[in-house]
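Step one of this worksheet: look at the structure below.
Here, each number is a calculation from the coordinates, and none is a lab measurement. From a predicted model like this one, the values you see are computed outputs, not experimental measurements. With ideal geometry, Cβ positions are generated from the backbone for all residues, glycine too; neighbour counts draw on all protein chains shown.
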Amino acid sequence: MTDAAPPRHFAFRPEVGALLLLTLLGVALGFSISLGPIVGVALPALGVALGAVLHRGLGERYRTVAAVPMVAALGLLTLWAPVDLPSEVLAGGIGLALLLWLASEPYPRGRWVDASAALVIPMLAVLVGVLTSLLLPTSRNFLAVAAGLLVAELLFAAYLYAHPSELAGAAETAPS
Amino acid sequence: MTTPPSRPSGSAPLLWTRRVLLLVGAGALFGVASVLLRSSVPLFFALPLLLAPIAAGLFLPRRQVVAQVEWQERGSGPRVRIAGRIRTDPPVAPALLYPTFRAPAPLREREAPALEVVEPALAFALEYETPFPCVLDFPLPEIMWRDPLGLAESPVATVGTPLAIERYPPELHRLGTVNLRRTTPLPGEIRSSALGAAGEFFTVRGAIPTDTPRQINWRATARVGSLIANDYLIERTGDLVLLLDTRPSELGRQRDEQLLSVARAGALGIATAFLQAKSRVGLGVFGEFLEATPLGTGRRQRFRIRRLLRSATIAPLGGPAERLAVSMRQYYPPGVLTLLISPLAGEEQTLLLPHLRRRGYNVIVLSPSPVPVLVPPGTTESAEELLARRILRLERRDRLGEVWAEAPTVDWEDYWSLAPLVALLRRPAARGGNR
């Protein structure tokens with residue numbers, strides 16, 4: 001009911017900027033993947049376009065899954081990317097741009113929230129990763145970092161599943 | 001307008017949105033892929049996704065947020081314009097608040113709610129329209145706090161009062177000048193407790209700028225040396241009983257509810273106009289049994305009448321007409337002017353009149369017409385619709401003709417105008433004359 005007002009304060013919507021940034025970073029990474037530049041360019045462009053259509057074009061029902069094609073397309077891109085510093089920086093940038101788009105996405109009513117504070121921690125993590133890549137160029141360090149993060153995330157996911165009442169959707173349907 | 005906020009203690013409840021599952025799932029997937037493929041690139045992509053929920057959690061207010069809603073209604077006629085502000089304690093960024101406004105029937109949304117951050121509050125403007133007069137309470141909005149990434153949210157406790165919205169035909173403001181018939185044995189003995197510019201002399205006091213020259217006591221002024229004015233005890237002009245027929249009719253529940261909404265608005269408008277003129281007004285709501293507010297005056301009486309009107313719904317079962325007439329005698333003296341508001345949509349509803357008259361009540365009927373409800377007026381109407389409306393009007397004319405034999409009847413088809421009722425009440429013969 002409150003989510004349908006047209007934006008009033010911005011001629012250029014922040015989410016459009018975030019989408020453009022995502023596409024640019026995706027295309028830049030796509031040029032270097034092993035499947036060739038055509039697939040590399042088409043994959044992020046299609047993913048972002050599909051996400052944008054799901055978000056804006058097909059109504060409220062599909063809005064919640066709008067991020068899925070973007071995450072899938074851009075994530076697949078990183079699997080075939082060469083392991084070098086530019087690719088790592090671009091991959092980190094894509095992840096951050098995705099969060100930037102998410103930060104602009106929940107505000108269809110023309111309100112722009114300064115999400116920079118929410119992006120600080122992920123940005124720092126990417127920065128630390130890039131610095132680690134520069135200073136400690138051995139693949140085992142990454143494996144250790146990845147394994148540690150993986151364990152932490154699995155614990156977090158286990159906590160979420162153990163406390164289903166803390167999921168917003170579950171709380172809406174729970175009897176009062 | 002608002003009640004002081006009661007402060008819920010404890011920390012704010014945190015609810016994760018489904019987006020968290022997507023991010024954490026995708027991050028974990030690409031993390032695993034990174035380990036399996038021995039490639040650091042997917043891990044760089046996964047890193048922001050995995051850390052985003054932690055960043056979102058850091059934004060969560062440390063204790064339960066309480067939002068105070070201050071709002072008012074500014075529209076007129078069918079337009080309902082609501083403007084207000086939402087302030088929070090503890091203060092949170094207003095842009096992170098997501099209010100959901102649920103407009104009660106019959107309000108229809110004209111424009112989507114406009115929200116604007118006016119630090120430190122969130123200002124909102126709502127635009128609705130009502131197709132017919134109504135009396136309703138707009139409920140407080142449900143408010144959610146959401147983090148900037150849309151990953152976590154927390155319900156916000158809302159304090160304030162529902163917004164009262166009242167729409168009735170503007171002609172009713174002129175009703176106050178109608179002198180009603182008194183039903184007290186000695187007119188002039190029962191006075192209003194209110195003071196005013198006319199009536200029985202009460203006292204003198206220092207003049208105020210709004211006093212008229214007639215109110216100034218010039219002799220007292222000359223003696224004292226400063227302007228002195230007279231105060232008078234205002235006399236009550238008379239008594240009126242409003243009677244709503246909420247029995248189900250053959251029109252069906254939904255249409256009955258629409259007509260009841262119109263009747264409620266009309267009753268409140270009429271009561272307001274007469275109460276402002278210091279008359280005594282009572283209200284009876286007859287469904288299966290009679291619910292009554294005895295005759296009374298003043299702002300409290302208006303509040304009582306409004307409360308009874310708000311609670312009035314179409315009864316599941318209609319009571320017999322004689323029961324109403326018998327019950328009326330328990331609350332109201334015979335001879336009092338009774339305004340029966342009934343759509344007269346069935347034989348049973350018209351039977352009320354002879355019983356009321358037999359018990360000594362002087363009845364005028366205000367009948368909200370069911371025709372606009374049965375065939376809603378549109379911009380383009382087909383020949384069939386025009387014919388249907390014509391037949392319905394003829395049927396209704398026939399029925400009202402029969403009712404006229406019992407009591408003066410006003411057909412209320414244009415819901416936004418009650419000029420025929422005002423004209424009828426201004427005629428002393430119709431309301432029984434002054435004693």
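Please give the calculated 222 nm ellipticity per residue for chain B, where each DSSP H segment of at least 4 residues contributes -39500 (n - 2.57) and the sum is spread over every residue; nearest 500 deg cm²/dmol? Mind showing how you got there, number by number?
Numbers: 12 runs with 143 residues, N = 435.
Here the helix-only value at 222 nm equals -10000 deg cm²/dmol.
With charges set only on the Cβ (+1 for Lys and Arg, -1 for Asp and Glu), what does the dipole of the stretch B:284-385 come to about its Cα centre, in debye to the nearest 20?
Working: 12 positive and 8 negative charges, 215 e Å.
I would put it at about 1040 debye.
Packing-based ranking of B:114-120, B:49-55, B:321-327 yields B:49-55, B:321-327, B:114-120, ordered from highest to lowest mean Cβ neighbour count within 10 Å.
For chain B, find the longest principal axis of its Cα atoms and tell me its angle to the long axis of helix B:253-276, 0 to 90°, nearest 10. It is inclined by approximately 60 degrees. Taking B:GLY25, B:GLY84, B:GLY269 in turn, the Gaussian network model of chain B (Cα-Cα springs below 10 Å) assigns the largest fluctuation to B:GLY25.
Net charge near B:ILE165, counting Lys/Arg +1 and Asp/Glu -1 over other residues with Cβ under 10 Å of its Cβ?
On the way: positive: B:ARG167; negative: B:GLU73, B:ASP137, B:GLU166.
Counting the neighbours of B:ILE165, the net charge comes to -2.
Relative to the 2.2 N^0.38 Å rule of thumb, the stretch B:239-431 has a C-alpha radius of gyration ratio of 1.00.
With both labels modelled 7 Å from their Cα along Cα-to-Cβ, the B:ARG299 to A:ALA152 distance reads 6.0 nm.
Once R0 is set to 60 Å, what does the formula 1/(1 + (r/R0)^6) return for the Cβ-Cβ distance between B:LEU317 and B:ASP89, expressed as a FRET efficiency to the nearest 0.05? Please report the intermediate quantities before stating the final value.
Numbers: r = 48 Å, r/R0 = 0.80.
E between B:LEU317 and B:ASP89, to the nearest 0.05, is 0.80.
Which order, highest average first, do B:30-36, B:399-405 follow once you tally other Cβ atoms within 10 Å for each residue and take the mean per peptide? Walk me through the numbers on the way to the answer.
Numbers: B:30-36: 20.9, B:399-405: 14.3.
In descending order of packing, they fall as B:30-36, B:399-405.
In square nanometres and to one decimal, what's the mean projected area of the convex hull around the Cα atoms of the stretch B:1-122? It would help to have the intermediate numbers written out before the result.
On the way: hull surface 45.1 nm².
Result: 11.3 nm².
What's the Cα-based Rg to Rh of chain B, Rh via Kirkwood?
On the way: Rg = 29.9 Å, Rh = 26.2 Å.
Rg/Rh for chain B comes to 1.14.
Across peptide B:54-65, the average count of Cβ atoms from other chains found within 10 Å of a residue's Cβ is 2. Based on the convex hull around the alpha carbon atoms, the stretch B:313-425 presents an average projected area of 8.4 nm². Amide H to amide H, with H built 1.01 Å from N, B:LEU244 comes under 5 Å of B:GLY284, B:VAL285, B:PHE286, B:ILE341, counting only residues 5 or more places away or on other chains. Largest GNM mean-square fluctuation across B:PHE202, B:PHE286, B:PHE132, computed for chain B with C-alpha springs under 10 Å, falls on B:PHE202.
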